[in-house]
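S.K.: What follows is a single structure, and I will ask about it in a moment.
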Amino acid sequence: MKKHISVLLLICLLLSVLLTGCSQENPEPQLNIIDDKYRNWYEIFVHSYYDTNNDGIGDLQGVIQKLDYIQEMGFNGIWLMPIHPSPTYHKYDVKDYYAIDPAYGTLEDLDQLVTEAHKRGIKVILDLVVNHSSSNHPMFMEACDYIREHGEPGGTYGEFYNFSRQKTDGYSAVSGTPFYYESRFWSGMPDLNLDSQLVRDEIVKIMDYWMTGHKVDGFRLDAVTSYYTGDLKKNVQFLSWLNTEAKKINPDCYIVGEAWVGSDGMIADYYESGVDSFFLFTGSQGSGTIATNVKQCSGRAFAKWQVDLQNIYTQGIPAPFLGNHDTMRPGGFMPGQENVKMAAGAMAMMNGGIFVYYGEEIGMISKGGNNSDPAKRIAMKWMKKNIYPGCCYLPPEGTPWDETSYYYPSVEEQQADPNSILNYYKQAMHLRNCFPAIARGTVENLSLEDNSYIAILRKTYEQERIVIVMNFDSFDQTITVDPAALGITEGIVGELYNDTTLKATFDEDTGTLKLPAYAILILR
């Protein structure tokens, strides 16, 4: 009797699947991670991530302890913000390019981090800051001492910096002398003379030291538009040189540059250098295209933008992101949890290698909602209580906690909630890791003329062809599509929902597709 009941239940289950099209019984898509440069990157400010020695400052051992978390979240690349010795908390003024800041750990810690990351299929890139050094760097101090002693630039490091007798914009005084030095950001960051062959030789040594000696996988290049301020041609020429030299050391290294300029066309100019990626600033922040399309429920406009990007960026790998250490976080500029999720989902469906700033996956905002630099580097909220093993202080060191920095719950709480921002990010990264065409495919916009809420994109990569359907509306939408025209033969194979208790349905006979609010579907 039990055998007959089991057979009957199986028949009923199969009928249910057939009658409902693809619903919650859809099989979970399988991982298909390609070992290339199209990755889900996770940006970490080590200071604020996880502390293992109880000094309130995060460290490299803390990142090592969280590698399983990073992997489980679906990230397969890590960008470490500057980890070198520096007089400031942010460390973008480096005083030793060949060392680890003692507050973060040791070279052995970094080697262990890289080794453990590689075991998990995670690449590691370092911030490479070569527009300027710290004014506390021995090279700069020796160069200034030489001027004081001899009355003119010279010595070992005289040509490492840009000295002048003329006081012009962006220059600071060499104390005790009639000379000035270029320092476009501030006096603590003297600009390096990138025309000097000695400086370029030093940059090659630095890159070789980290890639050959410590097996890191590449670099994020800081402030590339400031290498030669206002001179696009020279910036591109220098980037081309740096990229060539880096690829001589490791042909597979990944390089992504920060070209913070105002249009896609201006960013695209920098790809002439051959550098792998540049951050897609036009899509980022509260005024960027991703956030704007989500807030305006403009699915069709989002789909059109994807084709526009494909036409503009004809080389390289785009690097979309929502926020980073220089900007407000999406938890603050997106109005409500539904919009925070949808912005992440829209970004996750874009081509290229996407970048997520630590804490975005739980909706963290800037400290007190303000726009100061330290406020954007708040401590990662791992647990509900304020003080717990591994918790970090806010930068600078010792700054008290501020609970207004956390609209949304901690990692611990969100892991237990199927509808949390964290679990939404996790599923979004999972889909990117299951369908290579999401990041790499040739894009076609097949959106409907009579429905501005819905984005329909077809992406083709090698033998894979998928259709991505996205509902940007805060209400359910029902649309009719032609499965044959779209090339759909398998129905729904991937799902991303703002509310996981709701499911989409697809009737392949009639082409009727019912999408819950903010649903994202992948069909094949």
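S.K.: Just order 416-428, 268-280 by mean Cβ neighbour count inside 10 Å, highest at the front, would you?
M.R.: For the peptides 416-428, 268-280, the packing ranking is 268-280, 416-428.
S.K.: For Tyr407, which sequence-distant residues (separation of 5 or more, or a different chain) have an amide H within less than 5 Å of its own amide H, given hydrogens modelled in the peptide plane?
M.R.: Ile365
S.K.: Taking the Cβ of Met342 as the center, what net charge do the other residues with Cβ under 11 Å away carry, scoring Lys and Arg +1 and Asp and Glu -1? Let's see the in-between values first.
M.R.: Details: positive: Lys295, Lys341; negative: Glu338, Asp473.
Charge balance near Met342 sits at 0.
S.K.: Using a 10 Å cut-off on Cβ atoms, rank the peptides 515-523, 215-223, 471-479 from the highest mean neighbour count down.
M.R.: Details: 515-523: 23.9, 215-223: 22.3, 471-479: 17.8.
Packing order, densest peptide first, comes out as 515-523, 215-223, 471-479.
S.K.: With θ set to phi - 60°, apply the Karplus curve 6.51 cos²θ - 1.76 cosθ + 1.60 along region 501-514 and write out the HN-Hα couplings as whole Hz, x wherever there is a Gly or Pro.
M.R.: Taking θ as phi minus 60°, the curve returns 7, 9, 10, 7, 10, 9, 9, 5, 6, 9, x, 7, 10, 9 Hz for region 501-514.
S.K.: A follow-up question, please. Can you compute the charge dipole magnitude of the chain about its Cα centre, using +1 on each Lys and Arg Cβ and -1 on each Asp and Glu Cβ, nothing else charged? Give it in debye, rounded to the nearest 20.
M.R.: For the chain, the charge dipole is close to 740 debye.
S.K.: Calculate, for the chain, the solvent-accessible area per residue in square angstrom, rolling a 1.4 angstrom probe over the heavy atoms of the protein chains.
M.R.: 40 Å²
S.K.: May I ask for the net charge around Leu322, where only other residues with Cβ less than 12 Å from the Cβ of Leu322 are counted and Lys, Arg are +1 while Asp, Glu are -1?
M.R.: On the way: positive: Arg329, Lys341; negative: Glu43, Glu360, Glu361.
Within the 12 Å Cβ shell, the charges total -1.
S.K.: Just from its helices, what would the mean residue ellipticity at 222 nm be for the chain, if runs of 4 or more DSSP H residues each count -39500 (n - 2.57) and the sum is divided by every residue, rounded to the nearest 500 deg cm²/dmol? Display every interim value, and only then the final one.
M.R.: Working: 16 runs with 161 residues, N = 524.
Here the helix-only value at 222 nm equals -9000 deg cm²/dmol.
S.K.: Let me ask something additional. Go through Lys341/Lys385; Lys123/Lys459; Lys341/Lys426; Lys91/Lys234; Lys167/Lys233; Lys304/Lys459 and tell me which ones have a Cα-Cα distance over 20 Å in this structure.
M.R.: Working: Lys341/Lys385 24 Å; Lys123/Lys459 26 Å; Lys341/Lys426 11 Å; Lys91/Lys234 26 Å; Lys167/Lys233 25 Å; Lys304/Lys459 13 Å.
Over 20 Å Cα-Cα: Lys341/Lys385; Lys123/Lys459; Lys91/Lys234; Lys167/Lys233.
S.K.: Add +1 for every Lys or Arg and -1 for every Asp or Glu among the other residues with Cβ under 11 Å from the Cβ of Gly188, and state the total.
M.R.: Spelling it out: positives minus negatives among the neighbours equals 0.
S.K.: By what distance, in whole Å, do the Cα atoms of region 402-524 stretch along each of the three principal axes, largest value first?
M.R.: For region 402-524, the Cα spread along each principal axis is 53, 32, 21 Å.
S.K.: If a/c stays under 1.5 just call it rounded; otherwise compare a/b with b/c (prolate if a/b is bigger, oblate if not). Do that for region 149-300, with a ≥ b ≥ c from the square roots of the Cα gyration tensor eigenvalues.
M.R.: Oblate.
S.K.: If you don't mind, another one. Helix 197-211: angle to the longest alpha-carbon principal axis of the chain, degrees 0 to 90, nearest 10?
M.R.: So the inclination is approximately 40 degrees.
S.K.: Of Asn471, Trp260, Thr292, which is farthest on the positive side of the dipole of the chain, counting Cα position, with +1 on Lys and Arg Cβ, -1 on Asp and Glu Cβ, and the Cα centre as origin?
M.R.: It is Asn471, whose Cα lies furthest towards the positive end.
S.K.: Could you tell me the center-to-center distance, by alpha carbons, between region 377-394 and region 221-259 in angstrom?
M.R.: 36 Å
S.K.: Region 32-101: D in µm²/s via Stokes-Einstein (Kirkwood Rh, Cα pairs, 37 °C, 0.692 mPa s)?
M.R.: Rounded to a whole number, D works out at 246 µm²/s.
S.K.: Could you order the peptides 327-338, 497-508 from most to least packed, using the average number of other C-beta atoms within 10 Å per residue?
M.R.: Sorting 327-338, 497-508 by mean packing, highest first, produces 327-338, 497-508.
S.K.: Percent of Cα-Cα pairs more than 20 Å apart in region 251-325, please.
M.R.: 31 percent
S.K.: Follow-up question, since we're still on this one. Could you tell me what percent of the DSSP beta bridges with both partners in the chain are antiparallel, to the nearest 5?
M.R.: If we restrict to bridges inside the chain, about 60 percent are antiparallel.
S.K.: In the chain, if the dipole is taken from +1 on Lys/Arg beta carbons and -1 on Asp/Glu beta carbons about the Cα centre, which of Gln197, Met328, Pro395 is farthest to the positive end?
M.R.: Of the listed residues, the answer is Met328.
S.K.: For region 267-418, just the Cα atoms, rotate onto the principal axes and tell me the three extents in Å, largest first.
M.R.: 50, 34, 25
S.K.: Using only the Cα atoms of region 73-205, build the gyration tensor, take square roots of its eigenvalues as a ≥ b ≥ c, and label the shape rounded, prolate or oblate: rounded if a/c is under 1.5, else prolate if a/b is larger than b/c, else oblate.
M.R.: Since a/c reaches 1.5 and a/b is larger than b/c, the shape of region 73-205 is classed as prolate.
S.K.: OK, next. To the nearest 10 degrees, how steep is helix 299-312 against the longest Cα principal axis of the chain, on a 0 to 90 scale?
M.R.: With rounding to tens, the tilt is 50 degrees.
S.K.: Can I ask one more? Share of Cα-Cα pairs in the chain beyond 44 Å, in percent? Please report the intermediate quantities before stating the final value.
M.R.: Numbers: 27556 of 137026 pairs.
Considering the chain, 20 percent of its Cα-Cα pairs are separated by more than 44 Å.
S.K.: What does DSSP give for region 167-320 in terms of the percent of beta bridges that are antiparallel, rounded to the nearest 5?
M.R.: That works out to approximately 30 percent antiparallel.
S.K.: Give the angle, between 0 and 90 degrees and rounded to the nearest 10, that separates the Cα long axis of helix 337-348 from the longest principal axis of the Cα atoms of the chain.
M.R.: Tilt relative to the chain: about 80 degrees.
The values are calculated or read from the model by the stated rules, or taken from the named source; none is laboratory data. What you see is a predicted model; the values in this text were computed from it and never measured. Cβ sites come from the backbone with ideal geometry, for glycine too, and all protein chains shown count toward neighbours. To get the accessible areas, we keep the full protein, side chains included, count just its heavy atoms, and leave off ligands, DNA and RNA. Shrake-Rupley method; radii C 1.70, N 1.55, O 1.52, S 1.80 Å.
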